Amino acid sequence: MKARVHVTLKPGVLDPQGKAIEHALDTLGFSGVEEARQGKLIELDLAESDPERARAQVEEMCRKLLANTVIENYAIELEA
Amino acid sequence: MKSAVVVFPGTNRDRDMVRALEGASGQSPALVWHKHSEIPKVDLIVLPGGFAHGDYLRAGAMAARSPVMREVVARAESGVPVLGVCNGFQALTEAGLLPGALLRNADLRFVCRTVTLRVENTQTLFTGRFAAGETFDTPVAHMDGNYFIDDEGHRRIAGNDQIAFRYADGAAAGPANPNGALDDIAGVFNETKTVLGLMPHPEDATDPLHGGTDGRKLFDGIVEALS
């Protein structure tokens, strides 16, 4: 089963890369962008086929390594 | 004072740290490879600067999960002093031994220059040689030194005197704060002040050839406290 982990900076955490993207979009004429925030997408291919167990595994991976919960949030998507 | 310097793949300031420790203590530190799960019995453990594991995922993230770090955490929890410089500071926050996190520099540029630091707490085993409010000059060299902590954490570390150093105006050219760090924080202690992490490189201000020797006070103070 496949899992996609979206890691994003928590609201309120400064995101200089997001700011740079915002400015670049503005330079390109996309004037309607009020904010850009950059995150990470991590794709995992898991041996586990049970969605509940897979989610529990990925949760633990997020807490232990994939996200730094001091500054980041994470969201998990599973795909059979 | 006996010390150990932990080396990860990508660490590049280990020799600078070894020289600074030798200069202050007269004893050569033990070098401990990241895959080793044992550290000799020492008075101080040091995580030096560099780009451990290429800073993949987040700076210090992989280093913080190395086999050796389980032992570093266990020793720190038993009260053994730990010092983390630059990448070592990042790894200590990632390992949960120090509060907060280090974000990408606010201007997205690698910063390499001299900064002035103000010593904010002199009542610790690391900073005993400094006078209250004393400033000193050291180099910085990093991409991710922008210290961040949430409001509640900020109040907690400020109230508990855990802010070790702040960037301050001084002889150095350019703005005092080189990376956008919250509240100009350059270094922090853990709650018991036995773990210190800082972004600047005091080990690279210990020889006249470095352009300054202000960093010696830190190492001399540590040796004095731990000998």
Partner shielding of A:60-72, as the mean number of partner chain Cβ atoms within 10 Å, equals 4
Cα Rg, Dmax, the protein assembly as shown, angstrom units: 20.2, 64
Footprinting proxy, B:Y147, B:Y56, A:Y74: sorted fewest to most Cβ within 10 Å, the residues are B:Y56, A:Y74, B:Y147
Which lysines have a Cα lying under 23 Å from the Cα of B:K41, excluding residues fewer than 8 positions away in the same chain? B:K2, B:K193
GNM result for chain B, Cα springs below 10 Å: residue of B:G49, B:G212, B:G174 fluctuating most strongly: B:G174
Considering all projection directions equally, how large on average is the shadow of the alpha-carbon convex hull of chain A, in square nanometres? 6.3 nm²
For the range B:133-193, the dipole about the Cα centre with charges only on Cβ (Lys and Arg +1, Asp and Glu -1), to the nearest 20 debye, works out at 80 debye
Note down the relative contact order for the range A:2-79 as a percent, whole number, built from C-alpha pairs under 8 angstrom at least six residues apart. 51 percent
If contacts are Cα pairs under 8 angstrom and at least 6 residues apart, what is the relative contact order of chain B in percent? 21 percent
In nm, to one decimal, how far is the modelled label at A:E43 from the one at B:K41, with both set 7 Å along Cα→Cβ? 5.3 nm
Can you give me the angle between helix A:51-61 and the longest principal axis of chain A, using Cα atoms only, in degrees from 0 to 90, rounded to the nearest 10? 60 degrees
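With +1 on the Cβ of every Lys and Arg and -1 on the Cβ of every Asp and Glu, and nothing else charged, how large is the dipole of the protein assembly as shown about its Cα centre, in debye rounded to the nearest 20?
It works out to roughly 600 debye.
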Over 21 Å [Cα-Cα, the range B:3-226], rounded percent: 48 percent
Going by C-beta contacts inside 10 Å, put B:I45, B:I163, A:I42 in order with the fewest on the left. A:I42, B:I163, B:I45
P(r) weight above 16 Å for the range B:143-204, C-alpha pairs, percent: 47 percent
For the range A:2-79, give the magnitude of the charge dipole about the Cα centre (Cβ charges: +1 Lys/Arg, -1 Asp/Glu; no others), in debye to the nearest 20. 220 debye
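All of the numbers you see were taken from the coordinates with simple rules; none came from a lab. Keep in mind it's a predicted model, so treat the numbers as computed, not measured. Note: ideal-geometry Cβ built from the backbone for every residue, glycine included; neighbour counts use all protein chains shown.
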